[in-house]
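One structure is given below, encoded as structure tokens.
Bear in mind that the values in this text are calculations on the coordinates, not laboratory data. The structure presented is a predicted model; accordingly, all values stated were derived computationally and were not measured. Counting neighbours? That spans all protein chains shown, and the Cβs are built from the backbone with ideal geometry, glycine included.
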Amino acid sequence: MGMRDLVLFCVVTGISVRWIGTAAIAGPAAITIWLGAWLLFYLPLLAAVLELSSRFTDGDGGIYHWSQRAHGKWAGFMTGWTYWTCNLPYYPSILLFAAGAAAYLFSADPLALAANPVYIVAFSVAAMWGATLLNMFGLHLGKWLHNLGALGNWLPILILFVLAPIAWSRYGSATHWTPRAFIPHSNLREMIFWTSLVFALSGSEASAFLRSQVTDFNRLFPKALIIGGALVVTGYIFGTVAILMILPPEQVSNLGGIMATVVAGTTRIGWSGLVPVMAGLLVLANVGAVGAWLTASARLPFLAGIDRYLPERFGRIHPRWGTPHVAFVWQAIFATGFILLAQAGSTVAGAYQILISMSIISYFMPYLFTFTAVLRVQGQPAGPGVIRPPGGRVTATVLAVVGFTVTLASMILACVPDLAEPNKPLAVFKVVGSMVLLVAIGQLVYWHGERRRRTEP
């Protein structure tokens, strides 16, 4: 992989156009929330990834190795375990959104099809296994899915950029841009919403798993991370503005926000032929994102297999394709189970929100280890190759504390069920219970692995 591939990988793992529709629900206040999430979460995470990746430069372990080096074997394993398991509900949430966009390609009544659980499950399972098989054949093929996914994320934003000024010039803005509208509300419902936008800015650490696949990683990675991050943040902000120019906030939804905007905008200006184009791009963007995250997170059970915490077969490399094929297959199996679990007893929209909450809690657990790892290494000398933020140790410490606090608060808020969820106790049980179970299983796997390591030669 070169600079172009690495930047596009940072983009496809860092941005998802589905969050633009989610953000637009808050109206102009979403711009303020985006900037706050960027300042209080994205910058601390970026600083942590740059420092830790430049301190620990051997192997493809990324966040797994950072925690292991800073805190020891248990922290390393639990970071890797929770980072891997967080993707199990995350994949279905992405694919559920992709299925909703694909409905515009398959049906004259896409809203009805997108609300059909049988269609949602069938599409999600098929796309999950398709992305898995493509990645199993090697990064030389899988990277094209990742690259197309990055373009599939940015081209819809560019389409919105074109539609918004045309709609505005003919009909005016659908949203009133008053100073008061930029002030976020501080009630519990709005605070829960903030966690989704914080979650949307995560992912900058994923590229560190591909260190051995990138030519001159130490030189290219910081540049790619900064360029990719700039594209991610600007894409989110300007995409949200574009949607609000076309539709008022009360007409935007989590699942259908982007497509509803395109349908409304193209209908008003007579460009309805863009609807299937946008739908195809959104499918490509989200399936490409799944492929990229599969590539990154499959390294974790692979490394655990090498370290003999998981069965040895997880550490196997396919003799022809050179990929951790066993880890890929088990990821797809478990993700399929989460697709079925989330849909049981919930509407499609309810299942989507449950999957998001599961993802936030489990995905942010490794970040707690990451930010504390930054605090831990501040007592160690920083060599000439270590990348620290301006201000050195003091700034790095402040950013790590802020990042840790925002991460922990987001995890707590993610446990609160959505107000529209018809069965709130079941939703809380699914979210909290599944996460407790995954952590407990991880602890058992660690204990078993430690016993095996002590008894085997």
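Structure notes:
- Dipole size of region 1-128 about its Cα centre, with +1 on Lys/Arg Cβ and -1 on Asp/Glu Cβ: approximately 180 debye, rounded to the nearest 20.
- For region 366-380, 3J(HN,Hα) per residue [Karplus equation, 6.51 cos²θ - 1.76 cosθ + 1.60, θ = phi - 60°, Hz, x = Gly/Pro]: x, 5, 4, 5, 5, 5, 5, 5, 4, 4, 5, 7, 5, x, 9
- Computed from the C-beta positions of Ala440 and Thr178 and an R0 of 56 Å, the FRET efficiency is 0.65 to the nearest 0.05.
- Met191-Asn116 FRET efficiency (beta carbon distance; Förster radius 41 Å; 0.05 resolution): 0.80
- As a rough guide to protection, the peptides 7-19, 44-56 ranked by mean Cβ packing within 10 Å, highest first, stand as 7-19, 44-56.
- Gap separating the Cα centres of region 7-39 and region 95-111, nearest whole Å: 22
- Spin-label pair Ala230/Val428, simplified geometry with 7 Å Cα→Cβ offset, distance in nm: 4.6
- Among 266-272, 400-406, the peptide with the highest mean count of other Cβ atoms within 10 Å heads the list, and the full ranking is 400-406, 266-272.
- Rounded to whole Hz, the Karplus (6.51, -1.76, 1.60) HN-Hα couplings of region 230-244, x for glycine and proline: 4, 5, 5, 5, 5, x, 5, 5, 6, x, 5, 4, 4, 4, 6
- Working note: Karplus 6.51/-1.76/1.60 with θ = phi - 60° gives region 328-340 the couplings 4, 5, 5, 4, 5, 5, 5, 5, 4, x, 5, 4, 6 Hz, where Gly and Pro are set to x.
- Going by neighbour counts of Cβ atoms within 10 Å, the residues Tyr446, Tyr104 line up, fewest first, as Tyr446, Tyr104.
- Sequence of Lys73, Lys223, Lys430 once ranked by neighbouring C-beta atoms within 10 Å, starting from the fewest: Lys223, Lys73, Lys430
- When you count the other C-beta atoms within 10 angstrom of each residue and take the mean per peptide, 166-173, 408-415, 234-241 line up highest first as 234-241, 408-415, 166-173.
- Nitroxide proxy distance, nm - points 7 Å out along Cα→Cβ at Arg4 and Leu408: 4.5
- The Cα atoms of region 1-140 cover 54, 43, 33 Å along the three principal axes, with the biggest extent listed first.
- Exposure proxy shown here: for Tyr91, Tyr367, the number of other Cβ atoms within 10 Å sets the order, fewest to most, as Tyr367, Tyr91.
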